[in-house]
Amino acid sequence: MAVRTLRLLLVAALTGALLPVVSTGVATAAALPPGFVLQDTDSGLGSYQLTDFAYLPGNSVLATGKDGVVRWLPVTGAGRTIAALPVHADGDLGLVGLAVAPDYTTSRAIYLTRSINTAGGFVMRLSRFTVTVDAAGAPAGLTGERPVFEAPGTFNVHGIDTVHAAADGTLWLSVGDDSDYRMTDPGALRAQDVNQPYGKILHLTADGQGVPGNPYFDAANPGSTASKVFARGFRNPFRFGIDASLGLPVAGDVGWSNWEELDVVQRGANQGWPCWEGNHRTPGYSDLAGCAGVPNQPPLFELPHGAGVMTGNSVTGGIVYNGAGYPAAYRGSYFFGDYVANKIWTLRYDDQGRLTQAPENPPVFTGIGGPVKFAAAPNGDIVYADILSGNLRRLSYSAGNTAPVAKATTSTNPATRTVSFDGSASVDYDGDALVYDWDFGDGTTAADAGPNVSHAYAAGTTSFTAKLRVRDPLGLSGEVAIAVAPANHTPVLTLTPPGTTAFAVNQQVAVRATATDAEDGALPITWTTAVRHCPSEATCHSHPGIGGTGASFAQAFTAHPDSRMEFTATVTDSAGVATSQTYTAMPRQHRITLRGTQPASLGIPVEGGVSSAMVTEGASFDVEAAPLAIDGASRFSGWQGGPAEPTWIVTVGTGDLTLTANYATPIDQRYDADAAVRATLGAPVAAESTDGPVHYRVYANGRLYWSAETGTRYVTGPVLDKYLAFGGHGVLGPPSFDTLTTPDGMAQYNHFLTNGTVGSIYSTAATGAHVIFGEIRKKWAELDYERGVGYPTTDELGTPDGVARYNHFVKDGGVGSIYYTTATGAHAIYGEIRKKWAELDYERGVGYPTTDELGTPDGVGRYNHFVKDGWVGSIYYTTATGAHAIYGEIRKKWAALDYERGLGYPATDELGTPDGVGRYNHFTAGGSIYYTWSTGAHMVKGEIRKRWAALGWEYSYLHYPRSDEYVTNGAYRSDFEGGYITYTLAAGARERHW
């Protein structure tokens, strides 16, 4: 079992005290690559409580505790608890997942996943809450719980996990298998059942219905569990993120016996649990009937359990680093960790979700605590929740740190010579909290005094130059000088913004201002502009624009992506005191979403390659589609309503825009290119479906299937009917050939492939359609298919004793069979020998065949050998004798006498003597073998046998033979219980008493 499970079982007993948030600091205990540092922020939740966190607009943070506590952590200052929710917190369970709605600014909605006690046990629930705020607009509580998803729970591990609120308003949710980790639990097979939520990643609408693009979506029942399933076959997909380009989950699945795994999760994927763990069959599970035919979808990467350098015991799925502050080697890398091993690795994968750069060996981020959630800081830095310490730990690169920019304004009260300073406009583009150090220019200072201070200047000096220095946690600083005239009134500047608050590209932005000064009267106004480019709120930077003078100023709104415009009016009086006001014109944006008919890498390059972004109305930019979908086989065929080329330059209109890239799947490609296939299958009657590694589409007269291993093949007619009735690709795998006709024109057939095992379905008008696979099929193929023992008349069946599997066959009216056991292998039996075997009650008579039907060296006979309870038997057939069984001690004696080369072929089955004491077979060379428990098996033949028969066989005084025939003193002799018989040519056969 995973070590993580054992560790988390201790959590319920470790109730950490709620601690006050301390100042952000730099941690030094971890081993990190040169230049990296960890900045710690205490969540206030305590050790073994912190489970999840998320950034709110404005860069404050919400954090969740396993015990149901929700805390708000401001950018600066002390945090506070805003809710304590009821939870079922045993083992892995409790409050474990948090997501902020994409429209939080207006809705203040968040989503939480937790387990909750009920009268009969507990349930696992995803709910939407509304955050209430105080007078200052800061989070103060939660209200209005609205359940979105709920499922009953059984075990205290592997419950409801991560929730991700996507930009399009949909929700992604992971749920563990809710099974017993202590043993092989057949309940884990629910992870394979699309009608149960356990062991799944779900894709939901905001109200909890299935998303129409899901692989098993039913438009008639969108609330069904199957409609909600995006992928299955997980043990505990505890943490996952959504790749911004692929639009797919990348999940860490916590392992059981030997392996942790990471998966780029495709639509309809089946990651194989509990039948597979990583790339390996799962001990204790893989032989369960429910694992028959379950394919393995290889993970992106697997990590063995253990205590070595490259081992882990509880993987935590992470995110792709999309910031600009880390060295180039880390940009675009996927960061993930292991909670038990206290490590972080990075790796890279391509547009098809294939590993292109393996994790570092040895890992370069070690001793980093217990990561249980990864997210991006506002500037892109990797931040993770460390459940061991209760800290949020931000991984920053000091050499990539951006110096903060200091900004300050003043207002003066000449009567008291008091100047009020405001440095709140200062900014740190990394999103770091700032320290404000003031130098008032008169020899006095105020260190770490905050953004707003006042200072009274002594009389006697007309002007001063004050300075503001702002510092970030990594030691960089910015400084600005401020002209101060304590006896002079600050100019009064009034800026009038335009009536419109948001603008399209090239729309005019017109502003006005007036300025007066107590000493100087009206003052001239100078205008400056800047385009502030903000890929994120924490990574804004400015591009200076055109300026001007006068009471009014206008300029067209910028076409620069992700940008706003700042219009600053500045006036300076005769004392050199300046004041300014800035109006920020915001872009009028609409959401652009790229979708593919198959999961594919789709990107908006100007937005960093993501597949969904807010873009300014009127902006023109290019969108790109990968030439191949993530399955590596579906080809881009054009944009719906757009060009056939992968790149399309689009202009944003007055509303949201969804652009769809068409991908021709291998099924589309074959159907469109092959007229014969179209004629055979007819028109499509349903959309293409995906189930794990298999894709299929239904047509009027059949189906086309595709997998990377088998290619695109069709199945039709009775073969298809049998295939579907038998469980289809879920049992037999996808077809590896089209439906074909046998050379004799009698049958239709398909071959299928699952986990390296070949199966077939053959159908004739006389026999119907039947399945043959595995070892029996191998033997049938070895015997030349239908040209050997004929066509199957049954599916593969099990014998009543549960030991063997078999198929029956027919050829030219003759019945044959192939039987398989693990001990004997697969062997064919047919014709007269099979009739005799059936007459003797099949395997209940002489056991299972250990050979195929073979020919004797003299070319006269045919035979099969059998075994039952360790005893060897045979059935021999000749045209003269028919088929007869011989086994046990009599067969041993016959073998010792050189089989048919000794006494000839059996002319009878083994029979019992009338007195019930002995057993015997007669043979074609004029001999017999008799057996009793007391005498053993002995051969009697020729003249001696004739004499014994004349005397009444075993009823005579001689009774049963106790020796084979032998030569003594020139005579042939056989000994019996009551005497003996000798034979010479001169005297003939004579018996004697003892």
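No value in this document is a laboratory result; all are computed from the given coordinates. For clarity, every value in this text was computed on a predicted model and none was experimentally measured. So basically every Cβ, Gly included, is an ideal-geometry build from the backbone, and we count neighbours across all protein chains shown.
Placing +1 on the Cβ of every Lys and Arg and -1 on the Cβ of every Asp and Glu, with no other charges, gives the range 409-587 a dipole of roughly 400 debye about its Cα centre.
Placing pseudo-labels 7 Å out from each Cα toward the beta carbon at Thr184 and Val698 gives an inter-label distance of 3.6 nm. Couplings for the range 867-878, taken from phi via the Karplus curve 6.51 cos²θ - 1.76 cosθ + 1.60 with θ = phi - 60°, read 9, 8, 6, x, 8, 9, x, 8, 10, 10, 9, 9 Hz in order; Gly and Pro are left as x.
Residues of the range 834-866 with an amide N closer than 16 Å to a point placed 7 Å from the Cα of Asp784 along the Cα-to-Cβ direction: 853-855. Remark: the range 830-837, residue by residue, has Karplus-estimated 3J(HN,Hα) of 7, x, 5, 5, 5, 4, 5, 4 Hz, where x stands for each Gly or Pro and the curve is 6.51 cos²θ - 1.76 cosθ + 1.60 at θ = phi - 60°. Annotation: amide H-H contacts under 5 Å for Val758 (H modelled 1.01 Å from N, sequence separation of 5 or more, or interchain): Gly774. When Cys534, Cys275 are arranged by Cβ crowding within 10 Å, least crowded first, meaning fewest neighbours, the order is Cys534, Cys275. The range 626-667 and the range 908-972 have their alpha-carbon centroids 89 Å apart.
A simple rule links phi to the HN-Hα coupling: the Karplus curve 6.51 cos²θ - 1.76 cosθ + 1.60 with θ = phi - 60°, which for the range 433-442 gives 5, 10, 10, 10, 10, 10, 10, 7, x, 10 Hz, with x for Gly and Pro. The spread of Cα positions in the range 409-587, taken along each principal axis and listed from longest to shortest, comes to 53, 46, 21 Å.
If the chain linking Asn117 and Thr416 were pulled fully straight, counting 0.36 nm for each residue of separation and taking away their Cα-Cα distance, it would gain 101.2 nm.
Note on Lys467: lysines with a C-alpha under 19 Å away, same-chain residues under 8 apart excluded, are Lys407. Residues whose amide H comes within less than 5 Å of that of Gly317, counting only those at least five positions distant or on another chain, are Arg239, Gly252 (H built at 1.01 Å from N in the peptide plane). In percent, rounded to a whole number, the relative contact order of the chain is 5, using alpha-carbon pairs under 8 Å and six or more apart. Between amide H atoms placed 1.01 Å from N, distances below 5 Å from Gln598 occur with Tyr663, all of them 5 or more places distant or on a separate chain. Restricting the calculation to Cα atoms, the range 589-664 yields a radius of gyration followed by a Dmax of 11.7, 36 Å. Applying 1/(1 + (r/R0)^6) with r as the Cβ-Cβ distance of Leu657 and Ala687 and R0 = 30 angstrom yields a FRET efficiency of 0.80. Straight-distance candidates among the aspartates and glutamates for linking to Lys941, with alpha-carbon spacing under 16 Å and chain neighbours fewer than 8 residues away dropped: Asp898, Glu900, Glu954, Asp964, Glu965, Asp975, Glu991.
Short to long, the 10 Å bins of the Cα pair-distance histogram for the range 833-937 hold 16, 51, 30, 3 percent of all pairs.
So if we plug the beta-carbon distance of Thr742 and Thr856 into 1/(1 + (r/R0)^6) with R0 = 41 Å, what FRET efficiency do we get, rounded to 0.05? According to the calculation, E is roughly 0.80. By the gyration tensor of its Cα atoms, with a ≥ b ≥ c the square roots of the eigenvalues, what is the shape of the range 3-400: rounded for a/c under 1.5, prolate for a/b over b/c, or oblate? Rounded.
Note on the chain: dipole from Cβ charges, positive end direction compared against Thr794, Val511, Thr154; the farthest Cα belongs to Thr794. Residue exposure proxy: Ser43, Ser107, ordered by other Cβ atoms within 10 angstrom of their Cβ from fewest to most, comes out as Ser107, Ser43. Extension gain, Val492-Val480: 0.36 nm per intervening residue step, less the Cα-Cα distance, totals 2.2 nm. Residue exposure proxy: Glu302, Glu260, ordered by other Cβ atoms within 10 angstrom of their Cβ from fewest to most, comes out as Glu302, Glu260.
Both the radius of gyration and Dmax for the chain are 42.0, 163 Å, in that order, over alpha-carbon atoms. Electrostatic bookkeeping for Asp691 treats Lys and Arg as +1 and Asp and Glu as -1; over the other residues with beta carbon under 15 Å from its beta carbon, the sum is 0.
Here's the list of lysines a cross-link from Lys228 could span, going by alpha-carbon distance under 28 Å and ignoring same-chain residues fewer than 8 apart: Lys66, Lys200, Lys373.
Quick one: of Lys722/Lys779; Lys892/Lys946; Lys722/Lys836; Lys722/Lys811; Lys868/Lys892; Lys722/Lys868, which pairs are farther than 25 Å apart, Cα to Cα? Over 25 Å apart, Cα to Cα: Lys722/Lys836; Lys722/Lys868. Using just its DSSP H runs of length 4 or more, each adding -39500 (n - 2.57), the chain gives a mean residue ellipticity at 222 nm of -2000 deg cm²/dmol after division by all residues. Within 12 Å, Cβ to Cβ, of Tyr714, how many net charges do the neighbouring residues add up to if Lys/Arg are +1 and Asp/Glu are -1? The answer is +3.
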